[in-house]
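The values are calculated or read from the model by the stated rules, or taken from the named source; none is laboratory data. Note that this is a predicted model, so its numbers are computed, not measured. When we count neighbours, we look across all protein chains shown, and the Cβ atoms used for this are built from the backbone with ideal geometry, even at glycine. Quick note on the areas: whole protein, heavy atoms, side chains included, nothing else; ligands and nucleic acids left out. Shrake-Rupley method; radii C 1.70, N 1.55, O 1.52, S 1.80 Å.
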Amino acid sequence: MKLFYSKTSPYARKVLVTAMEKGLCGQLDLVVCDPHGLDEELLAVNPLHRVPTLMRDDGPALYDSPVICEWLDAQAETSQLIPQAGPERWAVLKGQALADGIMDDAVANVMESRRPEGRQSLEQMAVRTEALLRSAGTLEADLSGWPDSLNLAHIAAGCALAYLDFRLPGLGWRDGNPALSDWFEGFARLPAMKATRPDAE
């Protein structure tokens, strides 16, 4: 299998951490590409030209991190990262959606900040910043409602918060969220998180 990814993409990191936790990373041929440029190999399998994209050995390519992570979760008989049914399933899927939304707003603010001065939408950046801080507070409140065992909500949240530290270090998401901050400090020490840091060799 081939995984098209970028080392700085929080979505791709979520997929890599998932693959590692499922014991599947050794089956992946990692292909680093620039989704902001033009990668013909990536474009051939994903018309959106986005990472992560998973080219499977026995089927068409999968794209969008929730889809890839769910597929990876179904491939190994280790403990499931997405509960099969019941309230825990919806809590995990909601947590993943919230964390993915944090990634969306954070990436949008980073890209907006790179536009030439005078062409940036400071109003939109402010709106997204408020959403990021609000969402961190919701993660703080929801964290105790997730299953105790490692799950996809944990992975998505950990990758989202790590991206905030990486790209928006002055955001201050820890302010007023002590439980979330403490949880993240422990989660960031997982081997899979250390191995997928943007600066990891």
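Rundown of residues vs (1) over 14 Å from the mean Cα position of the chain (by Cα); (2) closer than 20 Å to residue 179 by Cα, yes/no style:
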residue	(1), (2)
65	no, no
73	yes, no
85	yes, no
115	yes, no
123	yes, no
126	yes, no
129	yes, no
143	yes, yes
**Study point:** From the options 144, 135, residue that is open to solvent by 60 Å² or more (accessible area, probe 1.4 Å), farther than 30 Å from residue 1 by Cβ and free of Cβ contacts under 8 Å to residues at least 40 places away in the same chain
**Key:** 144
Exercise for review: Name the strands (runs of 3 or more DSSP E) wholly inside the stretch 1-93 in which the number of residues that are modelled with pLDDT of 95 or more, open to solvent by 70 Å² or more (accessible area, probe 1.4 Å) and farther than 20 Å from residue 195 by Cα is 2 or more.
Suggested key: none
**Study point:** Flag for residue 157 being of a type in the set (A, V, I, L, M, F, W, C) and more than 13 Å from the chain's Cα centre (by Cα)
**Key:** no
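Taking the stated definitions as given, is residue 130 over 26 Å from residue 5 (Cα atoms), among the acidic types (Asp, Glu) and not in a helix (DSSP H, G or I)?
For residue 130, the condition - over 26 Å from residue 5 (Cα atoms), among the acidic types (Asp, Glu) and not in a helix (DSSP H, G or I) - is not met.
Filter the stretch 147-188 for residues that are loosely packed, with under 13 Cβ neighbours inside 10 Å and either in a loop (DSSP other than H, G, I, E, B) or charged (D, E, K, R) (or both) and give the result. Working first, answer last.
From the stretch 147-188, those loosely packed, with under 13 Cβ neighbours inside 10 Å are 148-149, 169-170, 175-176, 178-179, 182, 185-186; that's our starting set.
Residues satisfying the conditions are 148, 149, 169, 170, 175, 176, 182, 185.
Please tell me if residue 191 is loosely packed, with under 12 Cβ neighbours inside 10 Å, farther than 24 Å from residue 72 by Cα and either touching a helix residue (DSSP H, G or I) at 6+ places or on another chain (Cβ under 7 Å) or not basic (Lys, Arg) (or both). Spell out the reasoning first.
Numbers: loosely packed, with under 12 Cβ neighbours inside 10 Å: yes; farther than 24 Å from residue 72 by Cα: no; either touching a helix residue (DSSP H, G or I) at 6+ places or on another chain (Cβ under 7 Å) or not basic (Lys, Arg) (or both): yes.
It is false that residue 191 is loosely packed, with under 12 Cβ neighbours inside 10 Å, farther than 24 Å from residue 72 by Cα and either touching a helix residue (DSSP H, G or I) at 6+ places or on another chain (Cβ under 7 Å) or not basic (Lys, Arg) (or both).
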